[in-house]
1. Quick check on this structure: which one of Asp14, Asp80, Asp33 is within 16 Å of the ligand (Cβ to nearest atom), outside the structural domain of Phe132 (by TED's automatic domain parsing) and within 23 Å of Glu130 (Cβ to Cβ)?
2. Report yes if some residue within region 193-212 is under 21 Å from the mean Cα position of the chain (by Cα), away from the ligand (no atom under 15 Å from the Cβ), at pLDDT 95 or above and not small (Gly, Ala, Ser); otherwise report no.
3. Evaluate the following for Ala147: is it surrounded by 15 or more Cβ atoms within 10 Å (Cβ to Cβ), touching a Cys at 6+ places or on another chain (Cβ under 9 Å) and modelled with pLDDT of 95 or more?
4. If Glu157 satisfies all but one of (1) open to solvent by 50 Å² or more (accessible area, probe 1.4 Å); (2) modelled with pLDDT of 95 or more, what's the number of the condition it fails?
5. How do the pairs read when you match residues in region 86-103 that are closer than 13 Å to Leu30 by Cα and within 12 Å of the ligand (Cβ to nearest atom) with residues anywhere that are open to solvent by less than 40 Å² (accessible area, probe 1.4 Å) and β-branched (Val, Ile, Thr), using Cβ under 9 Å and keeping only pairs 6 or more apart or on different chains?
6. Cβ-Cβ distance below 6 Å, separation of 6 or more or different chains: which pairs start in region 165-190 with a residue that is under 23 Å from Ala148 (Cβ atoms) and end on one that is open to solvent by 70 Å² or more (accessible area, probe 1.4 Å) and within 16 Å of the ligand (Cβ to nearest atom)?
7. Within region 120-136, restricting attention to residues that are within 16 Å of Cys165 (Cα to Cα) and open to solvent by less than 50 Å² (accessible area, probe 1.4 Å), which residue is nearest to the ligand (Cβ to nearest atom)?
8. Which residues, taken from region 66-116, are of a type in the set (S, T, N, Q) and closer than 22 Å to Phe127 by Cβ?
Amino acid sequence: MLYLVPTPIGNLEDITLRALRVLREVGLILAEDTRTSRKLLAHYQIDTPLRSYHAHNEHAVTVALAEQMEGGATIALISDAGTPGISDPGFLLVRECVQRGIRVECLPGATAFVPALVASGLPCDKFHFEGFLPHKKGRHGRLEYLAALPVTFVLYESPYRLLKCLQQLAETCGPDRKACVARELSKIYEELRTDTLEALIEYYSIPARVKGEIVIVVDGKK
Ligand code: SAM
């Protein structure tokens, strides 16, 4: 069978007891970056064999991995941080397993968008998860689509594009739309700032304030 195992998005304590047990018990762990994951596994004294599974090899190795599982292997998939398959590799392998009738279990656990959404103070009863916007082609079209949504939406963005992204959101959603920038979740310098897009643009115009990993949560169209 295949286990999808969430790993911490910053704070190493954010891993469940079941996740640690599964990672110890499986025959093989597939990891996005084996160097990153080796550090996490060493921290918990887990010495299960590791193999890399990432955006550049997933198409080539998915079928062979599924065949291994059909032959009786139990495999866990992890990503560098958070839940595999959420803006990370995982979908192709899960789809292959589901099509072949291989059992798939995703453990509940860390992911960046849930704490950002829930602590933003914006409605979280209904929401749209967008993940990363395309950098160039198609970006404007997605922004127009998102601006018209009547529910809160969630984006992943790099610190290098935060200011530009906030400016583009203000252009499409209007400067008075409320949003939240959630930075460095679960880490020492965690910061959540909810305000109008205009005020967020002003605040994050100071480059020293834009550091680390970022989730943007935007209020829906009223
Ligand atoms: N699989 C992950 C998940 O479940 O959330 C997402 C992986 S995606 C490649 C990485 C992006 O997630 C970052 O660029 C950032 O937008 C967001 N992210 C990850 N860790 C974060 C953190 N500690 N604080 C804020 N955002 C974070």
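1. Criteria check complete, one pass: Asp80.
2. No, region 193-212 has no match at all.
3. yes
4. If we test Glu157 against (1) open to solvent by 50 Å² or more (accessible area, probe 1.4 Å); (2) modelled with pLDDT of 95 or more, just (1) comes out false.
5. So the pair list comes out as Gly90/Thr83.
6. From region 165-190, the pairs are Val181/Arg193.
7. Looking at residues that are within 16 Å of Cys165 (Cα to Cα) and open to solvent by less than 50 Å² (accessible area, probe 1.4 Å), I get Gly131.
8. Ser79, Thr83, Ser87, Thr111, listed by residue number.
The values are calculated or read from the model by the stated rules, or taken from the named source; none is laboratory data. This is a predicted model, so every value here is computed, not measured. Because the Cβ atoms are built from the backbone with ideal geometry, glycine has one as well, and the counts that use them run over all protein chains shown. These accessible areas exclude ligands, DNA and RNA; they are computed on the full protein's heavy atoms, side chains included. Shrake-Rupley method; radii C 1.70, N 1.55, O 1.52, S 1.80 Å.
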